[in-house]
Structures are given as structure tokens and as C-alpha cells.
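Visitor: One structure, pasted below without further comment.
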Amino acid sequence: MNHVAKRAVAGRATAPTWAGLFVVLAVLTGCTGTGSIFGGSAGPPQEAIQVTPRDGAKNIGPDGRIAVKVPDGKLKSVEVTRTEDAQRRRVPGRIARDGLSWAPRGSEGRLRLGAKYSVDAVAVDGSGNRTTRHTTFTMAVPEHRFIGYFKPENAATVGTGMIVSFDFNRPVTKRAAVQRAIKVTSVPPVEVVGHWFGADRLDFRPAAYWKPGTEVTVEMALRDVEGAPHVYGTQDKKVVFRIGRSQSSLVDAAAHTMQVRRDGEIVSTIPITAGSAGKTTTYNGKMVVSEMREVTRMDGRTVGFGGEYDIKDVPHAIRLTDSGTFLHGNYWSDEGVFGSENVSHGCVGLEDVRGGSSETPAGRFYDRTLIGDVVEVVNSDDKKVAPDNGLGGWNLDWTRWKAGSALR
């Protein structure tokens, strides 16, 4: 199974029939239920696949180098991607003959200032067990310059809940000037307003979800705009993406179901398991799909759960928050929990098989999901998700959203 994160697709989205659908990293994370098949004393994720620079590293200088290694076993695939101004470019490289390392190839392997990189690697041990790793790191931006890392990607097709989001590498104190230099327009036209979350994040959205088929244009005229005293922008770019069909899902944590609605019609009601009562309940509120991975590793140590679990091959993982809430396949819990019990560590679990399958409830839902689709959770014994936790801005009403604009 391909390990690479599923991206928003280019072109018009098409949907296979829902007939027969009867149940349904970035960074390493985890929120799985009880019954993990991985026992023993597994080491932390970095011991299985070692990536340099380290995950989350920032301000790496021009002498930085990419390296991917495993102490034993073999690397099966490595994909390194460079993002600049919302354009993705794959970094060429090769796995060594012994399978223990990967290195970039040619001049394209040289790290570029101002770029953000992601690394996706899959390795197998001597018994054929797979492990995966996803890391990101950010290069330094030349002194006295700032850039905004942008999503979604250029030419993407996304769901109706997509929020245009900029993360700036330096704090912005002259917010009105920066916001004025970014224009988000659409066909058909709707009012789109920016909202600041702190000094380094600016999100844009309309009052209601986008209409299917809308074409959205983002124009960045940030070059030489002063974002802070003596700190100037570098970007002068136009990005266009398209809104696909409408799909939203309503998770009822008390009823243990997820109701999937497409283009206004209910197409399925799917048994699920949500976060268990107590400290690991699932957030309430509207969450937007921001990342999709066909398989990922979830380790409780990365989200404060100690060594409670470490599952190396969680299938059909759909990220809903930056803090680690996923909607994902679950093959380790008893079938009876779906639709009857909440047993996870905060995620929404859907019935699946080990290795994943397009014929399982989780696989069918994954194959019909786009980045930008909305998943709303209700009736959970938890607070509402914060509007800056992932693309959670739909949890603010229009009045509160507009109050966060720097343009009055």
C-alpha cells in the first residue's frame, strides 16, 4: 500500500457509488483504542527510521543536509518533497543497495532557503513488518525577510469546508498591511474575510461553506511589504484551486454513529467508536480534513499517553486537528465496539482490516473523502475544538470571524 499522504486532487472529483457502505503525520500521533497487537518494549519512532534534519526543525541553514537511515531492516520507499509558494516539487534521490539509507541525488538535492520539506519513508524489518515515518522541517529565510506557508496547494480540488491558511515564519506586527496584500476571490463571487490567530497565522474563509464547483484564486503580493519593522515579504504569486462535490459527516459520539451527507443527501449512517469516557474523549465541533495517509504510525508517547500503545500500521488515517485527532481505520478492536462503545484515545475509529482495504467501511470512506471535507462531532463529553486547532475556523460565527480581521 502506498504510504504517501493523499493530497487534494487536481481536476473535478468523481465519486464511486456508496452502495454497500454499511459501516465505517506530519507528525507521529495516536489515539487508538485498547487491544493493540504490538506488545513488548518497542522503542520510540525515531529509532526505527532516522531522519535528518529532525522532525519540526526550523531555520535550517544552507549547509543542512537530508538523510534517511534505518539501523536494520530495509527502506522500501522514501519521498522527499519541497514546498515553495504552495508549489510541490519532489526531491530526487536513491536508496542505497543495502537498503539502510537514502540520499538526495544531484543539484536538486541541495536544500533551498525559505522552503518547507516533508519526508515520507517506509521500512520493513526481517519479518516483513512495516513501519512508516512522516517528518517536516523548514529552512531559514534570509534575514529581514518573511514568507507565508500556504494551503491548499495550487491546482487542487478540495472539499467545501476548505479554509485558506497562511503560517508565517516570523511574527507579523503590521497585520493590516500583510492582510491587504493577500486577496482571495472566487467565481461565483462571495465575500471572503481574513482572521488572525496570533501574530503568525492568517486564515481566510467565506460566511458559509463554499459552493461545489467554485474556483478560488489567491493572489499574494507580499514582495517588499513590511510585515514587521525592517522585515519584508518575498512572495508575488497567484494560486488557483477548485471546490469539488459537497460532503460532510456528522459523528454522534453518544449514538456511536457517523452520518455521511453528500450533495445534500444522506448516503450512509456508519457505526463508529469515539474517544472513551474520562480523559480521552473526542472534541466536539466542526473539523476540516487537512491530511490523508493510507497508513501511518501512532505512538502514545508523542501525545502524552506514555507507552499505552504503539501501532505502526494504522490504516486510512484522516487528520482532523493539529493536536492529533484523526478519523482512522481500526483493525485491533473487537467488531462489536463499532456502533456500541467508545474505546479510543480521542480519535474516531472505523472498522478496518490490518493493511487496509478498499472494501472495508474505513477504506470506502477514505476513498470518497477530500482534503477540505468537514467532519462535525456532537454529543461528546468534551469541549468544542479550538478554532485554531487545525482548520477549525468554522466553529466561529461570522461576526466573531470578521472581528479577527485587521481590516476594518
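The values are calculated or read from the model by the stated rules, or taken from the named source; none is laboratory data. Everything quoted here is computed from the prediction, not taken from an experiment. Note: ideal-geometry Cβ built from the backbone for every residue, glycine included; neighbour counts use all protein chains shown. These area figures cover heavy atoms from the full protein model, side chains too; ligands, DNA and RNA do not enter into them. Shrake-Rupley method; radii C 1.70, N 1.55, O 1.52, S 1.80 Å.
Visitor: Sequence-distant or interchain residues sharing an amide H contact under 5 Å with Thr157, placed H: which?
Guide: Amide H neighbours of Thr157: Val9, Ala10, Gly11, Arg242.
Visitor: Now a separate question. Counting only residues 5 or more places away or on other chains, whose amide H sits under 5 Å from the amide H of Gly346 once H atoms are built in the peptide plane?
Guide: For Gly346, the qualifying residues are Gly275, Ser276.
Visitor: Further question: Going through segment 44-152, which GluC sites (Glu not before Pro) have at most 12 other Cβ atoms within 10 Å and a DSSP loop state? Mind showing how you got there, number by number?
Guide: On the way: sites: Glu47, Glu79, Glu84, Glu108, Glu143; in loops: Glu143.
Of the GluC sites (Glu not before Pro), the ones in loops of segment 44-152 whose Cβ has at most 12 other Cβ atoms within 10 Å are Glu143.
Visitor: Further question: Using modelled amide H (1.01 Å from N, peptide plane; none on Pro or chain starts), what sits under 5 Å from the amide H of Gly213, excluding residues fewer than 5 places away?
Guide: Ile243, Gly244
Visitor: With a cut-off of at most 16 other beta carbons within 10 Å, and DSSP calling the residue loop, which trypsin sites (Lys or Arg not before Pro) in segment 333-400 qualify? Please list them.
Guide: Working: sites: Arg354, Arg364, Arg368, Lys383, Lys384, Arg400; in loops: Arg354, Arg368, Lys383.
Counting only loop positions with at most 16 other Cβ atoms within 10 Å, the trypsin sites (Lys or Arg not before Pro) in segment 333-400 are Arg354, Lys383.
Visitor: With θ set to phi - 60°, apply the Karplus curve 6.51 cos²θ - 1.76 cosθ + 1.60 along segment 110-115 and write out the HN-Hα couplings as whole Hz, x wherever there is a Gly or Pro.
Guide: 6, 5, 10, 4, x, 9
Visitor: Please give me, ordered by residue number, the trypsin sites (Lys or Arg not before Pro) of segment 64-135 that lie in loop per DSSP and have at most 16 other Cβ atoms within 10 Å. Let's see the in-between values first.
Guide: Values: sites: Arg65, Lys69, Lys74, Lys76, Arg82, Arg88, Arg89, Arg90, Arg94, Arg97, Arg105, Arg110, Arg112, Lys116, Arg130, Arg133; in loops: Arg65, Arg97, Arg105, Arg110, Arg112.
Counting only loop positions with at most 16 other Cβ atoms within 10 Å, the trypsin sites (Lys or Arg not before Pro) in segment 64-135 are Arg65, Arg97, Arg105, Arg110, Arg112.
Visitor: May I ask you to evaluate 6.51 cos²θ - 1.76 cosθ + 1.60, the Karplus curve with θ = phi - 60°, for each residue of segment 393-398 and list the ³J(HN,Hα) values in order in whole Hz, giving x for glycine and proline?
Guide: x, 5, 7, 9, 6, 4
Visitor: On full extension of the chain, what length is gained from Lys279 through Ala67, given 0.36 nm per residue of separation minus the C-alpha to C-alpha distance? Don't skip to the answer; put the middle values down first.
Guide: On the way: separation 212, 0.36 × 212 = 76.32 nm, distance 3.80 nm.
Answer, rounded to one decimal: 72.5 nm.
Visitor: Quote the FRET efficiency, to the nearest 0.05, computed for Arg89 versus Leu113 with a Förster distance R0 of 22 Å and r equal to the Cβ-Cβ distance. Spell out each step's value before the answer.
Guide: On the way: r = 15 Å, r/R0 = 0.67.
After rounding to 0.05, the efficiency reads 0.90.
Visitor: Taking the solvent-accessible surface of protein heavy atoms with a 1.4 Å probe, what is the per residue accessible area of segment 254-365 in Å²? Walk me through the numbers before you get to the answer.
Guide: Details: 3730 Å² over 112 residues.
Per residue, segment 254-365 has an accessible area of 33 Å².
Visitor: Right, next: Using label points projected 7 Å from each Cα along Cα→Cβ, tell me how many nm separate Gln50 and Val353, to one decimal.
Guide: 3.8 nm
Visitor: Which ³J(HN,Hα) values in Hz, rounded to whole numbers, follow from the phi angles of segment 137-150 under the Karplus curve 6.51 cos²θ - 1.76 cosθ + 1.60, where θ = phi - 60° and Gly and Pro get x?
Guide: Karplus-based 3J(HN,Hα) across segment 137-150 equals 8, 10, 7, 5, 9, x, 3, 6, 10, 9, 9, x, 7, 10 Hz.
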